[in-house]
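**Student:** Dropping the structure in here first, questions after.
The values are calculated or read from the model by the stated rules, or taken from the named source; none is laboratory data. None of the values given here were measured: they were computed from a predicted structure. Side chains included, ligands, DNA and RNA excluded: accessible areas come from the protein's heavy atoms. Shrake-Rupley method; radii C 1.70, N 1.55, O 1.52, S 1.80 Å.
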Amino acid sequence: MTSENTSLLNDQLVDMKFITTFTGLTDKWFYKLIQDGLFPAPIKMGRASRWLKSEVEMWMKNKISASRPD
């Protein structure tokens, strides 16, 4: 999902708390979406899971675009 030209230095790693606050949806909902391949898989760092903020934002932009009529 990320662009090969995007520097990781210009991105952030975010946790599930950020994602649920940003979207207003529950963590259970996101883990189901991940399982179904409908949300980016987490980046595992030991026991912690993180996501690229740019991927979360792109997912949200795609959801907004899909909900708007042409």
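**Student:** For the chain, what percent of Cα pairs sit more than 21 Å apart?
**Tutor:** Looking at the chain, the distances longer than 21 Å represent 25 percent of pairs.
**Student:** Under 15 Å between alpha carbons: how many lysine pairs meet that in the chain, if sequence neighbours fewer than 8 apart on the same chain are excluded?
**Tutor:** For the chain, the number of qualifying lysine pairs is 4.
**Student:** Another question, then. Express the accessible area of the chain per residue in Å², computed with a 1.4 Å probe while the remaining protein chains stay in the model.
**Tutor:** Counting only protein heavy atoms, the per-residue value for the chain is 78 Å².
**Student:** List the relative contact order of the chain as a percent without decimals, with contacts defined as Cα pairs under 8 Å and 6+ residues apart.
**Tutor:** Once normalised by length, the contact order is 37 percent.
**Student:** Still on this model: What accessible area, in Å² to the nearest ten, does a 1.4 Å probe give for LYS53?
**Tutor:** 50 Å²
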